[in-house]
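The values are calculated or read from the model by the stated rules, or taken from the named source; none is laboratory data. Everything numeric in this text was worked out from a predicted model, so none of it was measured. Quick reminder, even Gly has a Cβ in these numbers, built from the backbone with ideal geometry, and neighbours come from all protein chains shown.
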Amino acid sequence: MKSHVSLEQNVCVICGTTFDTGSILLDKRLRASMERHTTTGWGLCPEHQKLSDDGFVALVECDPQRSGSTSNAARMRPEHAYRTGRLAHLKRDVCTKVFNVAIAADQSCVFVEPGVIERLQKMVQPASA
């Protein structure tokens, strides 16, 4: 059933889950034009917002073969990214050192190709004796 009010939701840029923003949308003409929930854009779910606030950058593994086309491969957009489900979180300063690239203070995630997270895990796991 349509209504003139709707609860706003965003999609988490990191995990892809839909979450409530806490905002209410209103049709100015009071027409019954909206569903109960309306997704308006991208954001961070509460879990990933806390990690970002704590200084972490999420590495989001994406499959380049299944991801949508982009005009600039170095700048994959969230709507084009086919997430594999593998995630890792690194402190911002560690991420900058490991990848030798500056990470903007407001950047919460980086899309990485398959194998990057696995290689990082091998770097921190102790060698078996």
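Please enumerate the residues belonging to the stretch 53-68 that are of a type in the set (Ser, Thr, Tyr) and either under 12 Å from Cys109 (Cα atoms) or touching a Gly at 6+ places or on another chain (Cβ under 8 Å) (or both). Give the steps one after another, and end with the answer.
First, the residues of the stretch 53-68 that are of a type in the set (Ser, Thr, Tyr): 67.
Those that are of a type in the set (Ser, Thr, Tyr) and either under 12 Å from Cys109 (Cα atoms) or touching a Gly at 6+ places or on another chain (Cβ under 8 Å) (or both): none in the stretch 53-68.
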So for the stretch 9-21 (the condition being farther than 18 Å from Ser108 by Cβ and either charged (D, E, K, R) or more than 20 Å from the chain's Cα centre (by Cα) (or both)), does at least one residue qualify?
yes
Leading residue by the ranking (nearest to Gly16 (Cα to Cα)) among those in the stretch 56-85 that are of a type in the set (D, E, K, R) and in contact with a Pro (Cβ under 8 Å, 6 or more places away or on another chain):
Glu61
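Taking the residues in the stretch 79-129 that are among the hydroxyl-bearing types (Ser, Thr, Tyr) and modelled with pLDDT of 90 or more as candidates, determine which candidate is farthest from Gly41 (Cα to Cα). It would help to see each step written out before you state the result.
Step one: of the stretch 79-129, the residues among the hydroxyl-bearing types (Ser, Thr, Tyr) are 82, 84, 96, 108, 128.
After this cut, where a residue has to be modelled with pLDDT of 90 or more as well, the list is 84, 96, 108.
Working: Thr84: 21, Thr96: 28, Ser108: 15 Å.
Here the answer is Thr96.
Do any strands (runs of 3 or more DSSP E) entirely within the stretch 1-86 hold 3 or more residues that are β-branched (Val, Ile, Thr), and if so, which?
Details: elements: 5-12, 18-26, 37-43, 56-62.
It comes to 18-26, 37-43.
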